Amino acid sequence: MLRFLTAGESHGKALVAIIEGLPANLKINEEDINRQLFRRQQGYGRGGRMKIEKDEAEILSGLRKGKTIGSPLALMIKNLDYDNWKDREALPVTKPRPGHGDLAGAIKYSQEDIRNVLERASARETAARVAVGAVARQLLSVFGIEIMSHVISIGDVSLNSRGYSIKDLAAADRSPVRCIDEAVSKQMMQAIDEARAQGDSLGGVFEVAALNIPVGLGSHVHWDRKLDGLIAWAFMSIQAIKGVEIGLGFEATHKKGSEVHDEIFYEKGQGFYRKTNNAGGLEGGISNGCPIVVRAAMKPIPTLYKPLRSVDIKTKEPFAASIERSDICAVPAASIVGEAAMAWVLAGAMVEKFGGDSIEEMQKNFHEYNATIHQERKR
């Protein structure tokens, strides 16, 4: 079983992650982890915090001579902004910000100082999850699995809904907003500029696709083993995500069944296949061999330069929420976090399906499974 924990606060000394269940002898490249952390920090519309931090992960344990040794892998990402904030730590926060977990968290945990909630609830925590996802990606790469993402919409500016192929997603990294269409990218950037001038923020939708997925990950047998359920859970756990869809998702509700379901074909030597992928690579909670395609909706950043109204938890007096350093739009960055979420769930499913104590054992199980499927294709 693959699992991880993260620890650390937004302006604490560091973020820490511990990964348990990695097979031994898996090569881990720290530069690849840091490359994913760098990608998370990019994107038009990001705030001043990203100019301060230079996220790099340091592996503290579980690795020797560049390979995992079967014990927990521990990573640390230092918060460079810690030195700027440690003098403010003693100042209590009693004014909850609309759209954040401030008030609900303070009530739940009986906190008079909201800083005890907001520091951990912050999206800064996703840096640790991207590092974890980067490790998961390195496991998946052994089996030829690729993950990519792009931004579909920011505010009311949107890419043509389905007018592209999965292969086009590789162009996303060349865009400041991770949109594969250059003209639409410029419109998105203009929308961000307009929101900034108004003291407002923008949300949007991003899509993540996983390629070369074997048939049979996940299970229809129990609710908590369904791969689509696990993926949706992982995406919904990302800060500010308010909706997730797989394949056609909500669009399918406007169509007839004959327009939605992917017809099945068979050809000797090729086996079973589909000409469409409206299911997004998942049927019955199980991967069907098609690319897994997931979309997530991100709400606008709730920290605004145009303050919203709230009430002080101590004095009960109304106030205008404080203006703080914040992103105007973080949808491009969220797409990278989405890639990490996808990588983690798929790595866990691969370990469950083909698991062994070493990567060599896992590869052996994987190749034997594929050989069995290949024999079926010849019939």
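The values are calculated or read from the model by the stated rules, or taken from the named source; none is laboratory data. What you see is a predicted model; the values in this text were computed from it and never measured. When we count neighbours, we look across all protein chains shown, and the Cβ atoms used for this are built from the backbone with ideal geometry, even at glycine. The area values use the complete protein model at the heavy-atom level, side chains included, leaving out ligands, DNA and RNA. Shrake-Rupley method; radii C 1.70, N 1.55, O 1.52, S 1.80 Å.
Looking at the range 204-291, the GluC sites (Glu not before Pro) that sit in a DSSP loop and have at most 10 other Cβ atoms within 10 Å of their own Cβ are Glu263.
Note on the range 3-46 and the range 102-124: Cα centroid distance 23 Å, given to the nearest whole angstrom.
Restricting the range 286-379 to GluC sites (Glu not before Pro) that sit in a DSSP loop and have at most 16 other Cβ atoms within 10 Å of their own Cβ leaves Glu324.
Cross-link check: pairs Lys86/Lys226; Lys167/Lys364; Lys13/Lys306; Lys242/Lys314; Lys86/Lys108; Lys167/Lys268 evaluated at a Cα-Cα cut-off of 32 Å; pairs beyond the cut-off: Lys86/Lys226.
In summary, the chain shows an alpha-carbon radius of gyration equal to 1.05 times the 2.2 N^0.38 Å reference for compact globular proteins. With a cut-off of 10 Å between beta carbons, the residues surrounding Gly66 carry a summed charge of +3, where Lys and Arg count +1 and Asp and Glu -1.
Given a 1.4 Å probe and every protein chain left where it sits, what share in percent of the accessible area of the range 3-378 is carbon and sulfur?
C and S atoms contribute 53 percent here.
Taking amide H as placed 1.01 Å from N in the peptide plane, Phe206 has its amide H under 5 Å from the amide H of Ile152, Ala296, Met298, each at least 5 places away in sequence or on another chain. Between the range 261-321 and the range 148-173, the C-alpha centres lie 14 angstrom from each other.
Directionally averaged projected area (the range 151-221, Cα convex hull): 6.7 nm². When Lys and Arg each count +1 and Asp and Glu each count -1, what net charge do the other residues less than 15 Å away from Gly257, Cβ to Cβ, add up to? The answer is -3. Helical runs assigned H by DSSP (4 residues or longer) give the chain a calculated mean residue ellipticity at 222 nm of -10000 deg cm²/dmol, each run adding -39500 (n - 2.57) before division by the residue total.
Across all directions, the shadow cast by the convex hull of the range 130-190 built on its C-alpha atoms averages 5.0 square nanometres.
In a shell of Cβ-Cβ distance under 13 Å around Phe354, excluding Phe354 itself, what net charge do Lys and Arg (+1) and Asp and Glu (-1) give? It works out to a net charge of -3. The trypsin sites (Lys or Arg not before Pro) found in the range 168-263 that occupy coil by DSSP, while having at most 15 further C-beta atoms within 10 Å, are Lys255, Lys256.
Ligands, DNA and RNA are left out, and with a 1.4 angstrom probe the accessible area of the range 3-378 is 50 Å² per residue.
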